[in-house]
Amino acid sequence: MRMKSYFANSVQVAMEQARREMGADAILVTSHASLPEAHHLGEYEVVFATELPDVGTAGGRGGNGNSDSTPTAHQTLSPAATDSVLAEIRELRRLFQSWRQTSLRFTSQPQWISGNPELEEVYAELIQAEVDPDLAQQLLAAVHKRLCREASPGSREPDVTVRQGFKVEHSRHRDSMEPSAIRDALSAEIQDSIRVDPELGIAGTGPRMVALVGPPGAGKTATIAKLAVTYGLTTKKPTLLISLDTMRVAASEQLRRYASILGISFQVVETNRALAQTLEEHKGKELILIDTPGFTAADLDGGCDAAEFLAGRTDIQKHLVLPASMRFTDLARISSAYDVFRPSRLIFTRMDETGTYGPLLCEAVGSGRPISFLTSGQRVPEDLEPANRTSLTNRLLPCSGKAAHRALAVA
């Protein structure tokens, strides 16, 4: 593996230099502002890597075909050491593949960002965090507008708001900005773009009724148990758990065990008619939580009786449960398929299984749905967290370029 640093006054120029010298397969490792002692070489240092050509093969350059050549490092390593080296190589390949994907997406950087070194660096970090490029550009356009307005209150700037569809409007000005001011403004824009609503159920004369919908394995059943403890048992509200999940043998039994341990009423229903009757019979309950089967996109394409029933009940609050560890394209695809349920809230599970929260931001902004709860494990109810914009923003802001560089050194 060969690595080399390129210095230039913009990341884009450095990338072009690297691609000319190292070839189209060169991988972007990291980019950051150059150190003071190297600032005369360029404002940015961009590190690229590429694989070295295979050597030592028959007829290859430098080879003499002699089978008595000096043993290679692989031949002299013990089996345990070889396994360790191979494991490190696999991990490096995984990291470089991730950086390569970032490099390919980074080439779409618009000129208005390339012309501003401070915005350029933050844009690279957002892309590294797997924020959709369109949304990243929109956030930075809003950041630029916010800072320009603060610097010149009387100046006219285009209206920039984070909205569904990731529409981008930006200023043509290229004023220099303080990195700390940019990050503070970005934090404010992310908080403004996220909607949260941890209110459970719809207030009214009847019980608060909540249904969790989502793909198989998203964590709906465990999340319902956490909600039952936090908003039912601990508040001493009469609570009923209902399972519609008759597709999996163990699904209703898992929820039944939760209900038994918690001392909460539990029922299994198999049809929409039975569900409607059960809801009518338990009007005296204060909280009713409904667990649904995990449908695939193909299941929903062909029509779904449960979706039709729940979509027509405006008195039942529907929460779409999604794993935070999914890629944005997968989240968007599943979210679109589950539109038939007409969910009004988002719950993200498996927050502990990822360190990249860009897809979560993209789904929340793209769908326009508020986030209600987050879960991060299997403990009941400790791993349930009501959504909070400040907490979400702290998770969503990507690490700095220097932190990424240190991570590479450790790897």
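Residue check, G232 against (1) in contact with an Asp or Glu (Cβ under 7 Å, 6 or more places away or on another chain); (2) at pLDDT below 85; (3) open to solvent by less than 20 Å² (accessible area, probe 1.4 Å), all met but one. Which one? Result: G232 fails condition (1) only.
Which of the residues spanning the stretch 201-214 are assigned to a loop (DSSP other than H, G, I, E, B), open to solvent by 10 Å² or more (accessible area, probe 1.4 Å) and in contact (Cβ under 8 Å) with a residue 24 or more places away in the chain?
Within the stretch 201-214, the first condition is being assigned to a loop (DSSP other than H, G, I, E, B), and the residues that meet it are 201-207, 214.
In the following step, the residues that additionally are open to solvent by 10 Å² or more (accessible area, probe 1.4 Å) were identified as 202-207.
Result: I202, G204, G206, P207.
In summary, A332 fulfils each of the numbered conditions (1) crowded, with 16+ Cβ neighbours inside 10 Å; (2) touching a strand residue (DSSP E or B) at 6+ places or on another chain (Cβ under 8 Å) with the single exception of condition (2). Answer yes if at least one residue in the stretch 367-374 is part of a loop (DSSP other than H, G, I, E, B), out of contact with any strand residue (DSSP E or B) (no Cβ under 7 Å at 6 or more places or on another chain) and at pLDDT below 95, and no otherwise. Within the stretch 367-374, one or more residues are part of a loop (DSSP other than H, G, I, E, B), out of contact with any strand residue (DSSP E or B) (no Cβ under 7 Å at 6 or more places or on another chain) and at pLDDT below 95. Exactly one of (1) open to solvent by 50 Å² or more (accessible area, probe 1.4 Å); (2) without any contact (Cβ under 8 Å) to a residue 40 or more places away in the chain; (3) not in a helix (DSSP H, G or I) is unmet by G377. Its number? Against the list (1) open to solvent by 50 Å² or more (accessible area, probe 1.4 Å); (2) without any contact (Cβ under 8 Å) to a residue 40 or more places away in the chain; (3) not in a helix (DSSP H, G or I), G377 comes up short only on (1).
Evaluation of T356 against the conditions (1) open to solvent by 10 Å² or more (accessible area, probe 1.4 Å); (2) under 26 Å from A228 (Cβ atoms) shows that the sole unmet condition is (2). Taken across the stretch 290-309, residues that are over 26 Å from the mean Cα position of the chain (by Cα), surrounded by 16 or more Cβ atoms within 10 Å (Cβ to Cβ) and more than 24 Å from R342 (Cα to Cα) do not occur at all.
The values are calculated or read from the model by the stated rules, or taken from the named source; none is laboratory data. None of these values were measured; they are calculated from a predicted model. Neighbour counts run over all protein chains shown; Cβ positions are idealised from the backbone, glycine included. Please note that ligands, DNA and RNA were not included when accessible areas were found on the heavy atoms of the full protein model with its side chains. Shrake-Rupley method; radii C 1.70, N 1.55, O 1.52, S 1.80 Å.
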